[in-house]
1. Assess whether A:ARG105 counts as being within 13 Å of chain B (Cβ to nearest Cβ) and surrounded by fewer than 21 Cβ atoms within 10 Å (Cβ to Cβ).
2. Just to verify a result, which residue in the stretch A:114-128, among those that are in contact with a helix residue (DSSP H, G or I) (Cβ under 7 Å, 6 or more places away or on another chain) and not in a loop (DSSP other than H, G, I, E, B), is farthest from B:HIS188 (Cα to Cα)?
3. The conditions are (1) touching a residue at least 12 places away in the same chain (Cβ under 8 Å); (2) more than 12 Å from the chain's Cα centre (by Cα), and A:MET60 fails exactly one of them. Which is it?
4. Looking at the stretch A:129-137, is at least one residue closer than 25 Å to B:ASN193 by Cβ, more than 14 Å from chain B (Cβ to nearest Cβ) and in a helix (DSSP H, G or I)?
5. Read through the list (1) crowded, with 23+ Cβ neighbours inside 10 Å; (2) part of a loop (DSSP other than H, G, I, E, B), then give the number of the only condition that A:ARG87 fails.
6. Which residues, taken from the stretch A:221-246, are β-branched (Val, Ile, Thr) and in contact with a Lys or Arg (Cβ under 8 Å, 6 or more places away or on another chain)?
7. Looking only at the stretch B:222-233, decide whether some residue is surrounded by fewer than 15 Cβ atoms within 10 Å (Cβ to Cβ), of a type in the set (A, V, I, L, M) and more than 22 Å from the chain's Cα centre (by Cα).
8. Among the residues of the stretch A:207-252 satisfying the criterion of being over 18 Å from A:GLU10 (Cα atoms) and aromatic (Phe, Trp, Tyr), which is surrounded by the most Cβ atoms within 10 Å (Cβ to Cβ)?
Amino acid sequence: MVALPANKLEIRGLDVSYGQKRVLRDVDLDVPANQIFGIIGPANSGKTSFLRALNRMDEMTSGMQVSGQVLLDGADVRSWRNVYALRARIGVVFPLPVGLPMTIRQNVTFAPRMRGQKNKARLDELVERCLRRAALWEEVKDRLDSLGSMLSGGQQQRLTIARALSQEPDILLLDEFSIAVDPVTTMRIEDVLKELKQEMTIVLVTNLVQQARRLADRTAFFLNGECVEVGKTESLFHGDHRDPRTVDYVEGRFG
Amino acid sequence: MFERTVKDQRNQRTERLFRILFLLMSGVLIVPVFAVLGFLFYKGAPALSWAFLTTWPEDGMTAGGILPALFGTLWLVGVALLVSVPIGVAAAIYLSEYAKDNWMTRVINLAIINLAGVPSIVHALFGVGAFVLFFEFGTSILAASLTLAVMTLPVVIVSTREALQAVPQAFREASWSLGNTRWQTIRHVVLPNSGSGILTGIILEVSRTVGETVPVMFTGAAFFLPYLPTSVFDQTMAMSLHLFVVTTQVPGVPEQLPFGVALVLILMVLVLNSASILFRSRLRRRKKW
C-alpha cells in the first residue's frame, strides 16, 4: 500500500522571471496538507508570482516564465493536460476584492455553470453552502439576485471566497486578502480559514506579519525573490538559528 | 509669512490668463457646429415633409422627394455593417484577448493604423479595382458596401478593442483562476461588460459611413435610377451622392432642395450619434466597479 504523500505541494527549484527580470530564485519548499501555509515578506519579494506559478497563471500572462517543479500530490502541475481542471482544484482570492459584475448568485455558481451544472436545486444548495462557509450568507440571503459588485469591500472579499469554494478545491490561495478589508471582516475571514483548513490546504500570502503568526502552521519568509527561511511559524518568530534578515523583518525593523 | 509674493501674483495672473484662453478655444469649437446646423435648418426646413422622404425626384431632379437616395443609403450602410462588424469585432477580440505581443501582432496593429489613414479616394479606387473589376461584382451595392466596409474596418476594430480593454484585467484573472477558458471568460465576463461600448463604436462608425460620397460614387451609386434596388447586385442612389448631384450637376434646382437633402443627411447622423450617447450613459450607469 502506498501512503498518500503528506505534502500537498512540493516546490522544487522554482524560478520565475518577467522578460529579463528574475523575480523568484530557486525556491524549495513543502506545503503539508490541511494546514495554513503563510508567506510573508515585503512588497516585490515575489510572493504573488509564487502563487501565480502554482495554478499555471503564467500561461495567461505575457512575458512571465516559470521553470522548476510544482508538485501537486506528487505530480508536476505542468503534466496536467487539462489546465482548466487543475485551476478548478485551486481556489484563488485576490488582494482587491473582485465581485464580478453579475448577481451574487451568479458569482458563486459561475464556475459550476461553466462546467455544465444546470440543475437549479443543486446550484441553489451550492450557493447557500458556499456563502455560509464564507460567513456571508446571513448578510446577503435576501438579495442573492442583486449585483455582486455592489457589495462592500469586505462582503465582496467573502463573496470571492465563496466563489473560490464553489468547486470544492483542495487548495485555496489567498493573496493579501485583507488589504482592502476592515479589521472586523478580516477577523471573520481568519475564522473562516481556520475552519476551512480541515478540508483543504491553504496558502496565505500576507503583508501582515501578525496575521501569519495568528493563522499559519508553517511560514516562509520571502525577500527579493529569495525564500530566505521556511519552517514552523513559531520557530520563525522565536527560533534560535534564524537568518538575521528574518529576525529584522518579523520584528519590524524593515519592510 | 503668508503674504502674497510677487511670484504668487504672477502665477495667479498666468492661471487666469490660461483659463480664459482655453475657455475661448472651446467656445470657438461650438460656433461652427451651431452655425452649420442653424444654417441648414433655416435653409432646408421648408423642404422637409413626409412626402419629401417618401416620393421620387421629379422634373429632372429639380423637384419631388428623395426616396430612392434614402433607401439606397440604408442598403449601402446595412450591407457594409453586415461585413465590417463581424470581421472587425472578431479581429478586435483576437487582438485584445488572445494576441501575444509579437511581430505579427505589431504588423497587424500597423496595418490597422495605416488602413485608417488611407484617403477615401484611394479606397474608392481600390474598390473599383478589387470589387467592381477583379471580383466582377460590377458597379453594385455589393461592391460599394464592401468598399465602405474596408474603409470603416479600422474604426470598428479600434473602438471595439478600446471597449474590451476598458474591462478590468482583474475580472479576467478572477474568471481564469476558476478554471474558465479564455472564450468562456470573453463570453460571460468581458463581452457583457463591453457590449454597450462596442455598440457605441459601431453606431459612430455608421454615422461616418452615411456621409461617405467618393467611395460609393466610384463603385455602386448612380446619378439617377428609375427603380429601387432589389438585390445587392443592383446599383442604387445614395444620399451623399444625391446631395452632390443636386448641388452641382443639375441646373435649375430650387435652393431649398439641396439644403433639404443635406438636412436629412445630418439628421440621420445626429439621430445615430444621440443613440450612441444614450448607450454610453446606460453603460456608465451599469458600470459599478
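Just so you know, all these numbers are worked out from the coordinates, no wet-lab data involved. This is a predicted model, so every value here is computed, not measured. We place every Cβ from the backbone using ideal geometry, glycine too, and count neighbours over all the protein chains shown.
1. No, not satisfied.
2. Ranking the qualifying residues of the stretch A:114-128, first place goes to A:GLU128.
3. Going through (1) touching a residue at least 12 places away in the same chain (Cβ under 8 Å); (2) more than 12 Å from the chain's Cα centre (by Cα) one by one, A:MET60 breaks only (1).
4. Checked against the condition, which is being closer than 25 Å to B:ASN193 by Cβ, more than 14 Å from chain B (Cβ to nearest Cβ) and in a helix (DSSP H, G or I), the stretch A:129-137 yields at least one hit.
5. All conditions are met except number (2).
6. Hits for the stretch A:221-246 are A:VAL228, A:VAL230, A:THR233.
7. Yes, there is a match, as at least one residue in the stretch B:222-233 is surrounded by fewer than 15 Cβ atoms within 10 Å (Cβ to Cβ), of a type in the set (A, V, I, L, M) and more than 22 Å from the chain's Cα centre (by Cα).
8. Here the answer is A:TYR249.
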